[in-house]
Amino acid sequence: MFSRTSTGAALVIFATLAAVAAFLIAQAWPVLINPSIKFDAKGYVDGATLPQIVGPLVFGTVLASAIAMLIAVPISVGIALFISHYAPRKLAALLGYLVDLLAAIPSVVFGLWGGKWLIPKLVPIYEWLANHLGFIPLFAGPASPNGRVLLSVSLILAIMILPIITAISREVFLQTPRLYEEAALALGTTRWEMIRMAVLPFGRSGIISASMLGLGRALGETMAVVMVLSAGNTYSFAILQDAKHSTIASNIASQFGEAFGNDRSMLIATGLVLFVITMLVNMGARYIISRRSQFSGAN
């Protein structure tokens, strides 16, 4: 009975994914079979075709998520290590509770907090970056005076995915066999050397899994991005300038209510692209984890 129940649950997940894919393809079919259709909806260049719209949206989505991951992953792993191996037991319990609580905050709250409180405090920093590091394409100026730029979105996304990565990494680090840690310490290593030799190698696959879950949320985040970003649709690395970038999810959320006909099919087609990107990211993560598991087993 348990075996059949488990198999049925797996088939339900598979059927749900197949149904979502079929719906997206069916709704986007009119523009998929004729990608030369031109769109004049707001936010795009007049007469833009589907590839000209999807390309910059994918670029903005990937760029925002990549910056968020670069910020969140090292900090999350550091917090997880502190909670699991450095903090006193009472402090570790309190920090673990706060991390779990942070993960439960709705994205719209992050958007409100970011737009009303965080961004005004970041504007002077953006201006300094543009003035002193403007020779780097990412910090090319002029910096937006309102702060509603891609870097603000990436910072908020990093804060949103930080508790997810931290919580999973913490649990993985706590599962490190005590014998590994004691053996490393018996060899005369410091605590950090023990973590580097025993804890991090053991938890590598867990860190990758946690990062991929965080990346999945960053790729699909909608409301916080809509509330913070001044949207554009260009291929630009200037993350301090407004009206340059948008993401697929935020673009759908902001325009779907007013779209109809081919415009609606176009938006659903961008959703299909996001669906494919998310699937590829998860498949890549599973492949990396399986390869590392095979390598560890061979060693």
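The values are calculated or read from the model by the stated rules, or taken from the named source; none is laboratory data. Not measured: the values here are computed from a predicted model. Please note: Cβ atoms are built from the backbone with ideal geometry, for glycine as well, and neighbour counts cover all protein chains shown. Ligands, DNA and RNA are stripped out before the accessible areas are found, and what is left, the full protein with its side chains, is counted by its heavy atoms. Shrake-Rupley method; radii C 1.70, N 1.55, O 1.52, S 1.80 Å.
Rounded to the nearest 10 Å², what accessible area does Leu94 have for a 1.4 Å probe in the complete protein model? Near enough 90 Å² of accessible area. In plain terms, the chain from Phe82 to Ala19 could stretch by 18.4 nm, reckoned as 0.36 nm per residue minus the Cα-Cα distance. If R0 is 35 Å, the Cβ-Cβ spacing of Ala66 and Met1 corresponds to a FRET efficiency of close to 0.15. Shown for the stretch 1-156 is the translational diffusion coefficient from the Stokes-Einstein equation, using the Kirkwood radius over Cα pairs, a temperature of 10 °C and a viscosity of 1.306 mPa s: 77 µm²/s. Full extension of the chain between Ala103 and Val12 yields a length gain of 30.1 nm, computed as 0.36 nm times the residue separation minus the alpha carbon distance. Tilt of helix 262-298 relative to the longest C-alpha principal axis of the chain, in degrees (0 to 90, nearest 10)? Around 20 degrees separate the two axes. Per residue, the solvent-accessible area of the chain (1.4 Å probe, heavy atoms of protein chains only, all protein chains present) comes to 54 Å².
For semi-axes √(5λ) of the Cα gyration tensor in Å, the value computed from the atomic coordinates appears in the list (1) 38, 27, 17; (2) 35, 24, 16; (3) 28, 24, 22 under label (1). In this rough spin-label picture, where each label sits 7 Å from Cα along the Cβ direction, the Gln175-Leu138 distance is 3.2 nm.
Which order do the peptides 19-26, 224-231 come out in when sorted by mean C-beta neighbours inside 10 angstrom, highest first? Let's see the in-between values first.
Details: 19-26: 13.2, 224-231: 23.5.
Ranked from most to least packed, the peptides come out as 224-231, 19-26.
Measuring with a 1.4 angstrom probe and ignoring ligands and nucleic acids, Ile136 comes out at about 60 Å² accessible. The Cβ shell under 12 Å around Val31 holds other residues with a net charge of +1, Lys and Arg each +1, Asp and Glu each -1.
Normalised by the number of residues in the chain, the average gap of Cα pairs under 8 Å and 6 or more apart makes the relative contact order 27 percent.
For the stretch 161-229 and the stretch 85-106, what is the centre-to-centre distance using only Cα atoms, to the nearest Å? Computed from Cα coordinates, the inter-centre distance equals 14 Å.
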